[in-house]
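The values are calculated or read from the model by the stated rules, or taken from the named source; none is laboratory data. Worth saying up front: this structure is predicted, and the values here are computed from it rather than measured. Glycine also receives a Cβ, built like all others from the backbone with ideal geometry; neighbour counts cover every protein chain displayed.
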Amino acid sequence: MKRINIFLLGLSLFLSGFHVGTVSGQENKPQSTPTLTLPRAEGSIKFLAIGDTGTGSKQQNELARVMVDYRKLFPYEFVIMVGDNMYGGEKPADFKAKFEDPYRALLDQGVKFYASLGNHDESNQRFYDLFNMNGEEYYRFKKGDAAFYALNSNYMDKRQIKWMEDELGKDATKWKIAFLHHPPYSSGAKHGSSSGVREVVEPLFIKHGVDVVFTGHEHFYERIKPQKGITYFITGAGGKLRPGDVKDNSPLTAKAFDKDMSFMLVEISKDTMHFQVISRTGETVDSGSILRRER
Ligand SMILES: [Fe+2]
(Lines give C-alpha, C1' and ligand atoms only; values in the text may rest on other atoms or scores of the structure.)
Protein backbone atom coordinates (compact mmCIF):
# COMPACT_ATOMS: atom_id res chain seq x y z
CA MET A 1 0.00 0.00 0.00
CA LYS A 2 2.79 2.35 1.05
CA ARG A 3 4.62 1.63 -2.14
CA ILE A 4 1.51 2.44 -4.18
CA ASN A 5 1.11 5.78 -2.34
CA ILE A 6 4.73 6.71 -3.04
CA PHE A 7 4.20 5.75 -6.65
CA LEU A 8 1.06 7.89 -6.84
CA LEU A 9 2.85 10.82 -5.14
CA GLY A 10 5.70 10.52 -7.60
CA LEU A 11 3.27 10.31 -10.49
CA SER A 12 1.32 13.36 -9.32
CA LEU A 13 4.54 15.37 -8.83
CA PHE A 14 5.65 14.36 -12.28
CA LEU A 15 2.32 15.35 -13.77
CA SER A 16 2.14 18.65 -11.85
CA GLY A 17 5.73 19.47 -12.87
CA PHE A 18 4.86 18.69 -16.45
CA HIS A 19 1.75 20.83 -16.13
CA VAL A 20 3.64 23.83 -14.69
CA GLY A 21 6.14 23.57 -17.51
CA THR A 22 3.35 23.60 -20.07
CA VAL A 23 1.62 26.59 -18.49
CA SER A 24 4.75 28.69 -18.18
CA GLY A 25 5.51 27.94 -21.81
CA GLN A 26 2.14 29.41 -22.71
CA GLU A 27 2.27 32.51 -20.51
CA ASN A 28 2.20 34.89 -23.47
CA LYS A 29 -0.76 33.24 -25.11
CA PRO A 30 -4.20 34.74 -24.62
CA GLN A 31 -5.87 33.51 -21.48
CA SER A 32 -9.28 33.64 -23.14
CA THR A 33 -10.20 31.52 -26.10
CA PRO A 34 -10.52 33.83 -29.10
CA THR A 35 -14.19 34.42 -29.80
CA LEU A 36 -15.58 36.57 -32.53
CA THR A 37 -18.58 38.92 -32.33
CA LEU A 38 -18.08 40.11 -35.91
CA PRO A 39 -20.32 38.68 -38.65
CA ARG A 40 -17.43 37.83 -41.01
CA ALA A 41 -19.69 38.52 -43.95
CA GLU A 42 -18.75 37.49 -47.44
CA GLY A 43 -17.02 40.28 -49.34
CA SER A 44 -16.76 42.59 -46.32
CA ILE A 45 -13.79 44.89 -45.63
CA LYS A 46 -11.80 43.48 -42.72
CA PHE A 47 -9.08 45.41 -40.97
CA LEU A 48 -7.38 46.07 -37.65
CA ALA A 49 -6.61 49.39 -35.93
CA ILE A 50 -3.72 49.95 -33.53
CA GLY A 51 -1.90 52.93 -32.12
CA ASP A 52 1.07 54.10 -30.09
CA THR A 53 2.80 50.84 -30.80
CA GLY A 54 6.48 51.62 -31.30
CA THR A 55 8.15 50.53 -28.09
CA GLY A 56 9.46 47.05 -28.90
CA SER A 57 8.34 46.09 -25.39
CA LYS A 58 7.40 42.63 -24.20
CA GLN A 59 3.80 43.85 -23.92
CA GLN A 60 3.73 45.10 -27.53
CA ASN A 61 4.97 41.68 -28.63
CA GLU A 62 2.40 39.89 -26.49
CA LEU A 63 -0.41 41.97 -27.96
CA ALA A 64 0.94 41.26 -31.45
CA ARG A 65 0.65 37.54 -30.77
CA VAL A 66 -3.02 37.99 -29.86
CA MET A 67 -3.46 39.88 -33.15
CA VAL A 68 -2.02 36.86 -34.96
CA ASP A 69 -4.32 34.49 -33.05
CA TYR A 70 -7.38 36.52 -34.02
CA ARG A 71 -6.40 36.58 -37.68
CA LYS A 72 -7.06 32.84 -37.78
CA LEU A 73 -10.71 33.60 -36.94
CA PHE A 74 -10.99 36.93 -38.70
CA PRO A 75 -8.71 37.17 -41.75
CA TYR A 76 -8.18 40.93 -41.80
CA GLU A 77 -6.37 42.17 -44.84
CA PHE A 78 -4.70 45.34 -43.52
CA VAL A 79 -3.89 47.37 -40.42
CA ILE A 80 -4.26 51.10 -39.87
CA MET A 81 -1.79 52.72 -37.46
CA VAL A 82 -2.86 55.88 -35.67
CA GLY A 83 0.65 57.12 -34.94
CA ASP A 84 3.54 57.04 -32.47
CA ASN A 85 4.88 54.21 -34.57
CA MET A 86 8.41 54.71 -33.20
CA TYR A 87 9.38 55.86 -29.74
CA GLY A 88 12.99 56.93 -29.33
CA GLY A 89 15.50 56.11 -32.09
CA GLU A 90 14.49 55.58 -35.72
CA LYS A 91 17.46 53.64 -37.06
CA PRO A 92 16.94 50.46 -39.12
CA ALA A 93 17.45 48.43 -35.91
CA ASP A 94 14.59 50.38 -34.30
CA PHE A 95 12.23 49.69 -37.21
CA LYS A 96 13.14 46.03 -36.81
CA ALA A 97 12.68 45.83 -33.01
CA LYS A 98 9.63 48.10 -32.73
CA PHE A 99 7.75 47.13 -35.89
CA GLU A 100 9.10 44.30 -38.03
CA ASP A 101 9.83 41.82 -35.22
CA PRO A 102 6.51 42.19 -33.34
CA TYR A 103 4.44 42.02 -36.54
CA ARG A 104 6.66 39.58 -38.48
CA ALA A 105 4.00 36.84 -38.64
CA LEU A 106 1.44 39.27 -40.05
CA LEU A 107 3.89 40.78 -42.54
CA ASP A 108 4.77 37.25 -43.68
CA GLN A 109 1.06 36.55 -44.19
CA GLY A 110 0.87 39.57 -46.53
CA VAL A 111 -0.99 41.92 -44.15
CA LYS A 112 -0.42 45.54 -45.19
CA PHE A 113 0.15 48.31 -42.66
CA TYR A 114 -0.89 51.92 -43.35
CA ALA A 115 0.66 54.43 -40.95
CA SER A 116 -0.14 57.96 -39.90
CA LEU A 117 2.31 60.18 -38.03
CA GLY A 118 2.22 60.83 -34.27
CA ASN A 119 4.11 63.42 -32.25
CA HIS A 120 6.95 60.95 -31.64
CA ASP A 121 7.35 60.10 -35.33
CA GLU A 122 9.86 61.61 -37.73
CA SER A 123 8.44 62.74 -41.04
CA ASN A 124 10.88 60.45 -42.86
CA GLN A 125 8.77 57.45 -41.86
CA ARG A 126 6.79 58.34 -44.99
CA PHE A 127 9.57 56.74 -47.02
CA TYR A 128 9.57 53.47 -45.07
CA ASP A 129 8.06 50.95 -47.49
CA LEU A 130 6.23 48.83 -44.90
CA PHE A 131 4.19 51.86 -43.74
CA ASN A 132 2.74 52.25 -47.27
CA MET A 133 2.66 56.07 -47.10
CA ASN A 134 4.10 56.53 -50.60
CA GLY A 135 6.33 59.37 -49.44
CA GLU A 136 3.40 61.46 -48.15
CA GLU A 137 2.70 62.75 -44.63
CA TYR A 138 -1.02 62.51 -45.40
CA TYR A 139 -2.66 60.36 -48.04
CA ARG A 140 -5.79 58.52 -49.11
CA PHE A 141 -6.37 54.92 -50.06
CA LYS A 142 -9.43 52.95 -50.99
CA LYS A 143 -10.60 49.46 -50.06
CA GLY A 144 -13.87 48.39 -51.67
CA ASP A 145 -16.62 50.77 -50.57
CA ALA A 146 -14.42 52.60 -48.05
CA ALA A 147 -12.00 55.50 -48.51
CA PHE A 148 -9.37 55.95 -45.80
CA TYR A 149 -7.76 59.30 -45.05
CA ALA A 150 -4.48 59.16 -43.11
CA LEU A 151 -3.92 62.66 -41.71
CA ASN A 152 -0.93 64.32 -40.11
CA SER A 153 -2.33 65.93 -36.97
CA ASN A 154 1.10 67.30 -35.99
CA TYR A 155 0.82 70.03 -38.62
CA MET A 156 -2.65 70.88 -39.81
CA ASP A 157 -1.29 73.43 -42.26
CA LYS A 158 -3.15 75.17 -45.09
CA ARG A 159 -1.80 72.77 -47.66
CA GLN A 160 -3.17 69.72 -45.86
CA ILE A 161 -6.52 71.39 -45.20
CA LYS A 162 -6.86 72.28 -48.89
CA TRP A 163 -5.96 68.71 -49.81
CA MET A 164 -8.65 67.41 -47.43
CA GLU A 165 -11.21 69.83 -48.88
CA ASP A 166 -10.39 68.80 -52.44
CA GLU A 167 -10.19 65.05 -51.87
CA LEU A 168 -13.15 64.70 -49.51
CA GLY A 169 -15.22 67.06 -51.65
CA LYS A 170 -14.97 64.93 -54.78
CA ASP A 171 -15.05 61.57 -52.99
CA ALA A 172 -18.22 59.62 -53.77
CA THR A 173 -17.11 56.50 -51.90
CA LYS A 174 -19.81 55.06 -49.64
CA TRP A 175 -17.73 55.09 -46.44
CA LYS A 176 -15.30 57.85 -45.51
CA ILE A 177 -12.95 57.01 -42.66
CA ALA A 178 -10.24 59.24 -41.21
CA PHE A 179 -7.34 58.27 -38.99
CA LEU A 180 -4.98 60.61 -37.22
CA HIS A 181 -2.93 60.69 -34.05
CA HIS A 182 -4.39 63.44 -31.84
CA PRO A 183 -7.94 62.75 -30.63
CA PRO A 184 -10.46 65.56 -31.24
CA TYR A 185 -12.39 64.08 -28.31
CA SER A 186 -10.87 62.27 -25.33
CA SER A 187 -11.58 61.60 -21.67
CA GLY A 188 -7.90 61.18 -20.82
CA ALA A 189 -6.71 62.89 -17.65
CA LYS A 190 -3.18 63.47 -18.98
CA HIS A 191 -3.98 64.86 -22.44
CA GLY A 192 -7.73 65.15 -22.99
CA SER A 193 -9.39 66.40 -26.19
CA SER A 194 -7.07 67.96 -28.79
CA SER A 195 -9.25 71.00 -29.27
CA GLY A 196 -6.91 72.73 -31.75
CA VAL A 197 -7.05 69.74 -34.07
CA ARG A 198 -10.80 69.47 -33.56
CA GLU A 199 -11.38 73.07 -34.63
CA VAL A 200 -9.71 72.34 -37.96
CA VAL A 201 -10.89 68.84 -38.83
CA GLU A 202 -14.39 68.59 -37.39
CA PRO A 203 -16.04 71.10 -39.77
CA LEU A 204 -14.51 69.22 -42.72
CA PHE A 205 -15.61 65.85 -41.37
CA ILE A 206 -19.17 67.14 -40.95
CA LYS A 207 -19.33 68.93 -44.29
CA HIS A 208 -17.97 66.02 -46.30
CA GLY A 209 -19.68 63.14 -44.51
CA VAL A 210 -16.84 61.40 -42.71
CA ASP A 211 -18.44 58.50 -40.87
CA VAL A 212 -15.86 57.26 -38.39
CA VAL A 213 -12.54 58.56 -37.04
CA PHE A 214 -9.74 56.50 -35.47
CA THR A 215 -7.17 58.22 -33.23
CA GLY A 216 -4.52 57.47 -30.60
CA HIS A 217 -2.08 59.52 -28.48
CA GLU A 218 -3.89 58.45 -25.31
CA HIS A 219 -2.62 55.08 -24.12
CA PHE A 220 -5.98 53.46 -23.60
CA TYR A 221 -9.12 52.54 -25.54
CA GLU A 222 -12.14 54.82 -25.69
CA ARG A 223 -15.26 54.90 -27.82
CA ILE A 224 -16.67 58.41 -27.76
CA LYS A 225 -20.43 58.98 -27.84
CA PRO A 226 -21.28 60.17 -31.39
CA GLN A 227 -20.38 63.84 -31.78
CA LYS A 228 -22.44 65.66 -34.41
CA GLY A 229 -23.17 62.30 -36.02
CA ILE A 230 -19.56 61.08 -36.10
CA THR A 231 -18.10 58.23 -34.03
CA TYR A 232 -14.56 58.74 -32.71
CA PHE A 233 -12.40 55.93 -31.39
CA ILE A 234 -9.15 56.14 -29.44
CA THR A 235 -7.03 53.03 -29.88
CA GLY A 236 -3.71 54.13 -28.41
CA ALA A 237 -2.76 51.17 -26.24
CA GLY A 238 -0.87 49.10 -28.80
CA GLY A 239 2.57 49.41 -27.21
CA LYS A 240 2.11 51.48 -24.07
CA LEU A 241 -0.54 51.71 -21.39
CA ARG A 242 -1.56 54.53 -19.07
CA PRO A 243 -3.63 52.61 -16.55
CA GLY A 244 -6.56 54.38 -14.94
CA ASP A 245 -6.19 57.50 -17.12
CA VAL A 246 -9.77 57.67 -18.39
CA LYS A 247 -11.71 60.14 -16.27
CA ASP A 248 -14.61 58.63 -14.36
CA ASN A 249 -18.09 59.68 -15.47
CA SER A 250 -16.83 61.57 -18.50
CA PRO A 251 -19.85 62.68 -20.55
CA LEU A 252 -17.89 61.80 -23.70
CA THR A 253 -17.40 58.12 -22.92
CA ALA A 254 -19.58 55.47 -24.52
CA LYS A 255 -17.10 52.77 -23.46
CA ALA A 256 -13.52 52.87 -22.20
CA PHE A 257 -10.84 50.37 -21.24
CA ASP A 258 -7.59 51.43 -19.59
CA LYS A 259 -6.62 48.33 -17.63
CA ASP A 260 -4.55 46.62 -20.31
CA MET A 261 -3.37 47.09 -23.86
CA SER A 262 -5.73 46.55 -26.78
CA PHE A 263 -6.40 46.62 -30.51
CA MET A 264 -9.54 46.91 -32.64
CA LEU A 265 -10.93 44.50 -35.20
CA VAL A 266 -13.20 46.21 -37.72
CA GLU A 267 -15.52 44.86 -40.41
CA ILE A 268 -17.46 46.94 -42.92
CA SER A 269 -20.35 45.19 -44.55
CA LYS A 270 -22.68 47.25 -46.75
CA ASP A 271 -23.99 50.13 -44.56
CA THR A 272 -22.76 48.80 -41.22
CA MET A 273 -19.38 48.92 -39.53
CA HIS A 274 -18.87 46.26 -36.86
CA PHE A 275 -16.09 46.52 -34.30
CA GLN A 276 -14.62 44.32 -31.60
CA VAL A 277 -11.91 45.44 -29.20
CA ILE A 278 -9.49 42.83 -27.82
CA SER A 279 -7.16 43.09 -24.84
CA ARG A 280 -3.67 41.62 -24.36
CA THR A 281 -5.23 38.61 -22.62
CA GLY A 282 -7.52 38.00 -25.58
CA GLU A 283 -10.68 39.24 -23.89
CA THR A 284 -13.33 41.25 -25.72
CA VAL A 285 -13.60 44.61 -23.96
CA ASP A 286 -16.01 46.32 -26.35
CA SER A 287 -18.03 45.45 -29.43
CA GLY A 288 -20.87 46.89 -31.45
CA SER A 289 -21.83 48.39 -34.78
CA ILE A 290 -22.25 51.77 -36.44
CA LEU A 291 -24.50 52.71 -39.31
CA ARG A 292 -23.12 54.79 -42.15
CA ARG A 293 -24.17 58.45 -42.06
CA GLU A 294 -26.83 59.65 -44.46
CA ARG A 295 -25.36 61.92 -47.11
FE1 LIG B 1 1.39 60.67 -29.00
For LYS158: the one exception among (1) without any contact (Cβ under 8 Å) to a residue 24 or more places away in the chain; (2) buried (at least 16 other Cβ atoms within 10 Å of the Cβ): (2)
For the stretch 219-255, how many residues are in contact (Cβ under 8 Å) with a residue 60 or more places away in the chain, within 14 Å of the ligand (Cβ to nearest atom) and assigned to a loop (DSSP other than H, G, I, E, B)? 7
Among the candidates SER44, SER116, residue that is among the polar types (S, T, N, Q), farther than 24 Å from GLU222 by Cα and modelled with pLDDT of 95 or more: SER44
List every residue pair whose Cβ atoms lie under 8 Å apart, where the two residues are 6 or more positions apart in sequence or sit on different chains, the first residue falls within the stretch 268-295 and is in a loop (DSSP other than H, G, I, E, B), and the second residue, located anywhere, is among the β-branched types (Val, Ile, Thr) and modelled with pLDDT under 95. GLY282/THR33
Name the single residue that is nearest to PRO102 (Cα to Cα) among those in the stretch 247-280 being among the polar types (S, T, N, Q) and touching a Ser or Thr at 6+ places or on another chain (Cβ under 6 Å). SER262
Given the conditions (1) touching a residue at least 24 places away in the same chain (Cβ under 8 Å); (2) surrounded by fewer than 22 Cβ atoms within 10 Å (Cβ to Cβ), which single one is not true for PHE263? (2)
Determine which single condition GLY56 fails, assuming it passes every other condition in (1) at pLDDT 95 or above; (2) at negative phi. (2)
In the stretch 126-154, anything under 15 Å from VAL79 (Cβ atoms) and either at pLDDT below 95 or touching a helix residue (DSSP H, G or I) at 6+ places or on another chain (Cβ under 8 Å) (or both) is listed as TYR128, LEU130, PHE131, MET133
Can you pull out every residue in the stretch 167-191 that is in a loop (DSSP other than H, G, I, E, B), touching a residue at least 24 places away in the same chain (Cβ under 8 Å) and either farther than 20 Å from ASP245 by Cα or hydrophobic (A, V, I, L, M, F, W, C) (or both)? ASP171, THR173, LYS174, LEU180, ALA189
Does ALA178 satisfy the condition of being within 16 Å of the ligand (Cβ to nearest atom), modelled with pLDDT of 95 or more and in contact with a Phe, Trp or Tyr (Cβ under 6 Å, 6 or more places away or on another chain)? no
Confirm whether SER123 is closer than 30 Å to ASP245 by Cα, free of Cβ contacts under 8 Å to residues at least 24 places away in the same chain and within 16 Å of the ligand (Cβ to nearest atom). yes
Scan the stretch 82-104 for residues that are among the aliphatic types (A, V, I, L, M) and out of contact with any Asp or Glu (no Cβ under 9 Å at 6 or more places or on another chain) and jot them down. ALA93, ALA97
Would you check if there is a residue in the stretch 262-278 being within 16 Å of the ligand (Cβ to nearest atom), aliphatic (A, V, I, L, M) and at pLDDT 95 or above? no
Within the stretch 51-112, which helices (runs of 4 or more DSSP H) (wholly inside it) include 1 or more residues that are within 16 Å of the ligand (Cβ to nearest atom)? 58-73
Of SER193, SER187, which residue is at pLDDT 95 or above and either aromatic (Phe, Trp, Tyr) or closer than 23 Å to ASP121 by Cβ (or both)? SER193
